[in-house]
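Let me begin by presenting the structure, written as structure tokens, before commenting on it.
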């Protein structure tokens with residue numbers, strides 16, 4: 001009887017190890033479809049966005065998908081090629097939805113008479129995780145962005161560090177679930193940043209408390 005039990009346990013162990021194996025590299029996007037529609041910015045100045053700088057220690061991935069067997073972990077990488085490209089594109093699209101005229105710069109200088117404000121930023125953290133458990137998959141997405149605005153009319157600057165975090169649980173995981181959650185978390189960060197700004201003479205200024 002004891003030998004039979006040991007044989008069954010050995011077989012289960014072999015099956016589990018066989019299901020493990022090396023993880024895959026999975027392209028991941030940040031979907032804006034479920035992000036709440038941003039409030040429209042009236043009389044918005046023209047904004048030129050400088051590609052965000054990725055200052056994270058590990059720039060090779062933006063998350064992981066851990067299956068039942070811990071040795072089987074997929075690595076999330078940006079579908080655009082880098083975290084900088086993914087976050088920058090998201091910022092541009094978000095501002096456009098908010099009614100802000102936006103252009104994406106290839107360098108750090110805007111051509112003359114094409115912009116009123118320069119937006120630059122850093123990615124301090126950006127991580128997305130899916131953990132498979134009994135009964136479903138736990139998803140989480142976190143980000144922390146440092147954003148700086150420079151008004152070209154007077155050289156004044158406005159900067160802030162904003163963060164977003166979203167979690168959910170799904171019964172049947174699909175990559176679209178992770179993409180949507182990443183978009184929700186990034187949308188939170190940008191909504192907080194835009195909410196603290198006001199338009200003054202073709203410039204963005206921080207809101208002042210009365």
Helix 2-20 axis, angle to the chain major axis (alpha carbon atoms, nearest 10°): 30 degrees
Stokes-Einstein D for the range 92-190, Kirkwood Rh over Cα pairs, 10 °C, 1.306 mPa s (µm²/s): 102 µm²/s
The range 135-210: Rg to Rh, with Rh as the Kirkwood radius over Cα pairs: 1.18
Average silhouette area of the chain, convex hull of alpha-carbon atoms, in square nanometres: 15.0 nm²
The chain, helix-only ellipticity at 222 nm - DSSP H runs n ≥ 4, -39,500 (n - 2.57), divided by all residues, nearest 500: -9000 deg cm²/dmol
Cβ crowding within 10 Å averaged over residues, with 42-50, 118-126 ranked highest first: 118-126, 42-50
Computed log₁₀ I(q)/I(0) - Debye formula, equal Cα scatterers, no solvent, the range 61-142, q 0.15, 0.21, 0.23 Å⁻¹: -0.69, -1.02, -1.12
Nearest-ten-degree value, helix 175-195 long axis tilted from longest Cα axis of the chain: 30 degrees
Using alpha-carbon coordinates, inclination of helix 83-97 to the longest axis of the chain, degrees: 50 degrees
Förster radius 35 Å - calculated FRET efficiency between residue 208 and residue 79 (Cβ-Cβ, nearest 0.05): 0.30
Order by protection proxy (mean Cβ within 10 Å, highest first), peptides 195-201, 91-97: 91-97, 195-201
Ranked by how many other beta carbons lie within 10 Å on average, peptides 99-106, 180-187 from highest: 180-187, 99-106
Euclidean distance between Cα centres, the range 92-162 to the range 166-210, Å: 10 Å
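Each value in this text was obtained by applying a stated rule to the coordinates, not by laboratory testing. Since the structure is predicted, the reported quantities are computational estimates derived from the model, not experimental observations. Note: ideal-geometry Cβ built from the backbone for every residue, glycine included; neighbour counts use all protein chains shown.
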